[in-house]
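Participant: Have a look at this one.
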Amino acid sequence: MKVLLLSQHFWPESFRINEVAQSLVEQGCEVTVLTGKPNYPDGDIFPGYQVAGVQRERHEGYEIVRVPLMPRGRGGARRLVLNYLSFLAAASVLGPWALRGRRFDAIFVYGTSPILQAIAAIVLKWIKRAALVVWVQDLWPDSLEITGFVRNRRLLAAVAVVVRWIYRRSDLLLVQSPAFVAPVQAMAGPTPVAVHENPADRASASAAFAPTALRLDPAAFNIVFAGNLGTVQSLDCVLDAAERLGAHSGVRWVLVGSGARDAWLAEQVKARGLTQVVLAGRLPPEQMPAVFEQADALLVSLTGGPALSRTVPSKIQAYLAAGRPILASMDGEGARVVQAAGAGLACAAEDAAALAAAAQALRDLPPEARQRMGEAGRRYYAEHYDPDRLARALVGHLTGAVAARNRQEKKVQ
């Protein structure tokens with residue numbers, strides 16, 4: 001099967017779709033990737049790439065076709081909007097030209113925000129007469145409102161109209177969480193919706209991993225948060241919980257990553273004298289398993305709200321594979337997974353007192369009890385998020401969408 005994978009973000013940027021592409025190749029698919037010039041997260045075009053022009057390269061057995069875009073820069077809503085819209089325009093106009101003469105059975109969209117990138121896939125679907133499968137990672141327009149990026153009700157309503165238009169021109173919608181099915185189906189009309197959860201990255205489950213220079217204090221109880229330090233990660237709640245427990249508790253909160261709240265975090269840690277909070281900065285993905293290996297517990301946190309309560313953050317899969325107890329400060333699906341796995345403790349989103357109490361309870365457990373949580377997490381990972389198993393399921397989804405589209409075309413003829 002010939003698959004065109006469309007994603008604004010791709011290798012050498014660190015996104016889960018990188019390994020999904022590789023897994024499709026291993027399943028026998030002929031994969032081509034249409035993406036932008038790498039610039040996430042720092043906002044500068046990576047060395048070896050240029051802003052203008054179409055670039056092509058081979059990587060891990062598939063071709064990558066890169067169209068120009070406006071790099072996201074150092075922040076600001078205007079620059080971010082230009083980044084998104086420039087990729088949409090280039091993928092819609094230059095994408096068909098760069099892929100001229102190529103036939104595809106299926107077009108697969110990695111539907112992170114903004115989902116608008118799927119418009120380019122719809123253009124290519126019409127030209128290539130291929131089945132379109134969109135993997136919905138965020139609920140739009142809900143995520144725009146939650147992050148505070150858009151507050152105007154009329155604009156949110158207009159975005160909803162566009163999202164419905166995208167969903168109803170797809171042949172199949174895959175969603176990353178069972179809780180996504182109802183809201184997506186309500187907007188999708190006759191388009192079928194199926195659950196396809198995010199796999200863990202293979203490095204997380206590998207026994208061999210790259211060493212890291214980050215050394216955690218062996219005398220402390222180290223709770224590690226890894227990933228984006230943004231507005232929806234409820235980092236104010238994490239700092240409040242750390243302050244409640246105090247430095248004397250022996251609990252050390254290690255935040256590994258970067259994001260929009262970097263400067264705010266540094267300022268708050270200094271102003272509040274939170275010596276028990278360590279801002280470790282961003283590390284290469286291949287080093288994270290070595291960090292997890294040193295952790296006593298792994299933290300995932302989100303703000304509250306209906307949309308985020310339906311989300312299972314991809315770090316949960318990595319945490320389960322790491323075999324460490326998980327501390328989940330969140331509502332809904334993410335907390336449900338941790339509890340169903342028996343892999344840790346969960347408390348309500350944005351409740352600093354509950355998070356502090358859960359951290360203390362986890363610290364006070366016998367080491368054997370925490371080990372059992374980690375082992376249970378690994379078992380749950382193998383049953384639900386193993387990359388090879390999910391790769392086979394994804395090929396099945398793509399094959400089914402292609403077959404359904406072929407049947408529909410025969411009926412029309």
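The rows are residues; the columns are (1) open to solvent by 30 Å² or more (accessible area, probe 1.4 Å); (2) part of a helix (DSSP H, G or I); (3) of a type in the set (Ser, Thr, Tyr); (4) modelled with pLDDT under 90.
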site	(1), (2), (3), (4)
Leu173	no, no, no, no
Ala182	yes, yes, no, no
Gln185	yes, yes, no, no
Thr191	no, no, yes, no
Glu197	yes, no, no, no
Ala200	no, no, no, yes
Ser204	no, yes, yes, yes
Phe209	yes, no, no, yes
Ala213	yes, no, no, yes
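Participant: Here's a follow-up. Working carefully through the options Val337, Val291, Val269, Val312, find the one that is open to solvent by less than 50 Å² (accessible area, probe 1.4 Å), assigned to a helix (DSSP H, G or I), in contact with a Ser or Thr (Cβ under 8 Å, 6 or more places away or on another chain) and among the β-branched types (Val, Ile, Thr).
Facilitator: Val291
Participant: Here's another thing I want to ask about it. Among the residues of the stretch 1-50, what is the count of those that are over 27 Å from Val312 (Cα atoms) and part of a loop (DSSP other than H, G, I, E, B)?
Facilitator: Within the stretch 1-50, residues that are over 27 Å from Val312 (Cα atoms) and part of a loop (DSSP other than H, G, I, E, B) number 11.
Participant: What do you reckon, is Val224 in contact (Cβ under 8 Å) with a residue 60 or more places away in the chain, assigned to a helix (DSSP H, G or I), open to solvent by less than 10 Å² (accessible area, probe 1.4 Å) and of a type outside the set (Lys, Arg)?
Facilitator: For Val224, the condition - in contact (Cβ under 8 Å) with a residue 60 or more places away in the chain, assigned to a helix (DSSP H, G or I), open to solvent by less than 10 Å² (accessible area, probe 1.4 Å) and of a type outside the set (Lys, Arg) - is not met.
Participant: Which one of Asp331, Asp296 is open to solvent by 40 Å² or more (accessible area, probe 1.4 Å) and under 18 Å from Asn222 (Cα atoms)?
Facilitator: Answer to the selection: Asp296.
Participant: Determine if the stretch 233-251 includes at least one residue that is assigned to a loop (DSSP other than H, G, I, E, B), hydrophobic (A, V, I, L, M, F, W, C) and either out of contact with any strand residue (DSSP E or B) (no Cβ under 9 Å at 6 or more places or on another chain) or open to solvent by less than 50 Å² (accessible area, probe 1.4 Å) (or both).
Facilitator: no
Participant: Quick test for you: out of Ala322, Ala352, pick the one residue that is open to solvent by less than 40 Å² (accessible area, probe 1.4 Å) and in contact with a Cys (Cβ under 7 Å, 6 or more places away or on another chain).
Facilitator: The match here is Ala352.
Participant: Determine which single condition Glu145 fails, assuming it passes every other condition in (1) at pLDDT 95 or above; (2) open to solvent by 10 Å² or more (accessible area, probe 1.4 Å).
Facilitator: Answer for Glu145: the failing condition is (1).
Participant: What are the residues in the stretch 322-334 that are within 15 Å of Ala297 (Cβ to Cβ) and assigned to a helix (DSSP H, G or I), if any?
Facilitator: Ala322
The values are calculated or read from the model by the stated rules, or taken from the named source; none is laboratory data. Since the structure is predicted, the reported quantities are computational estimates derived from the model, not experimental observations. FYI the Cβ positions are ideal-geometry reconstructions off the backbone, even for glycines, and counts take in every protein chain you see. Heavy atoms of the whole protein, side chains included, go into the accessibility calculation; ligands, DNA and RNA do not. Shrake-Rupley method; radii C 1.70, N 1.55, O 1.52, S 1.80 Å.
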